[in-house]
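Novice: Let me give you the structure first, and then I'll get to my questions.
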Amino acid sequence: MSEDFGPTFITVTDEDGKEIVLEFVDALEYNGVLYQAFFPAETEDESEEASEEDTGLVILKVIEENGEELLSTLDSDEELDAVYERFMEALFSEEDGEE
């Protein structure tokens, strides 16, 4: 993805109905499934309490439902751990210039 035009943001709704703005970081395919990584984006109306919450990498997988691509949470901690490892390898290799 080209960063010539700036970062890409999306808004998702969590299970409590709260909207969360995420900044796209990277995408990768693992075991035939496409995964996307995001960082939570800070918004002007965030309270101090919200900024103290976990703001780590958010990984979602792309699923197809009724012919439409949707983002979904991962099915297990094992899947999350495996995909997280791949994203970390990819991100650190890019930083080291090993693309």
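The values are calculated or read from the model by the stated rules, or taken from the named source; none is laboratory data. Keep in mind that this is a model prediction, so the values were computed, not measured.
Novice: For the range 6-44, enumerate the residues that are of a type in the set (Asp, Glu) and either closer than 13 Å to Leu71 by Cα or within 11 Å of the chain's Cα centre (by Cα) (or both).
Specialist: Result: Asp14, Glu23, Asp26.
Novice: Starting from residues that are farther than 24 Å from Ala82 by Cα and assigned to a loop (DSSP other than H, G, I, E, B), keep the ones in the range 1-14 and report whichever is modelled with the highest pLDDT.
Specialist: Thr8
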